[in-house]
Amino acid sequence: MTHATALILQALATDHRHGFQIMEVTGLPSGTVYPVLRRLERETAVESEWEDAESASAAGRRQRRTYRLTTSGQLLAERARQRLANTRKLLSDGALGTAGPGMGGA
């Protein structure tokens, strides 16, 4: 699982349903977010549907596609949460050294 996939799964698990919301909360560009969402949908970890046209029109905007985790996606999101927690711990422990990878550090 890539770091980007883990971030996107966590965004979905915390009720961010639209692509733009996911981009905003993860800091990932659309060129990363939408291909990952499409792949997760092919893998049946995510389901999507278009928002009602009348609702979008009433809000003065285009229709948005909404995404949600399936049961298997929820399990994957839990794995992603663990992966991100491990990354956070690694960074807080200073395991990469002060110079970081490839910079002549530890």
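Filtering the stretch 79-106 down to residues that are surrounded by 10 or more Cβ atoms within 10 Å (Cβ to Cβ) and of a type in the set (D, E, K, R), which residue is modelled with the highest pLDDT?
Arg79
What is the number of the single condition among (1) modelled with pLDDT under 95; (2) farther than 15 Å from Arg79 by Cβ that Thr32 does not meet?
It is condition (1) that Thr32 fails.
Could you list, in sequence order, all residues of the stretch 69-78 that are surrounded by 14 or more Cβ atoms within 10 Å (Cβ to Cβ) and outside any loop (DSSP other than H, G, I, E, B)? Let's see the steps before the verdict.
Pass one, the stretch 69-78, residues surrounded by 14 or more Cβ atoms within 10 Å (Cβ to Cβ): 69-70, 73-74, 76-77.
Scanning the stretch 69-78 gives Leu69, Gly73, Gln74, Leu76, Ala77.
Name the residues in the stretch 1-20 that are buried (at least 18 other Cβ atoms within 10 Å of the Cβ) and without any contact (Cβ under 8 Å) to a residue 24 or more places away in the chain, would you?
First, the residues of the stretch 1-20 that are buried (at least 18 other Cβ atoms within 10 Å of the Cβ): 5-12, 16, 19.
Matches in the stretch 1-20: Ala11, His16.
Only one of (1) surrounded by 14 or more Cβ atoms within 10 Å (Cβ to Cβ); (2) over 10 Å from the mean Cα position of the chain (by Cα); (3) not hydroxyl-bearing (Ser, Thr, Tyr) is not met by Val33, so which one is it?
(2)
Just to verify a result, which residue in the stretch 37-58, among those that are assigned to a loop (DSSP other than H, G, I, E, B) and surrounded by 11 or more Cβ atoms within 10 Å (Cβ to Cβ), is modelled with the lowest pLDDT?
Going through the stretch 37-58, the residues assigned to a loop (DSSP other than H, G, I, E, B) turn out to be 43-45, 51-52.
Cutting the leftovers down to surrounded by 11 or more Cβ atoms within 10 Å (Cβ to Cβ) gives us 43-45, 51.
Numbers: Glu43: 96, Thr44: 96, Ala45: 97, Glu51: 90.
That would be Glu51.
Report whether or not Val46 is among the β-branched types (Val, Ile, Thr) and over 21 Å from Thr87 (Cβ atoms).
Working: among the β-branched types (Val, Ile, Thr): yes; over 21 Å from Thr87 (Cβ atoms): yes.
Yes.
The values are calculated or read from the model by the stated rules, or taken from the named source; none is laboratory data. Computed from a predicted structure; not experimentally measured. Counting neighbours? That spans all protein chains shown, and the Cβs are built from the backbone with ideal geometry, glycine included.
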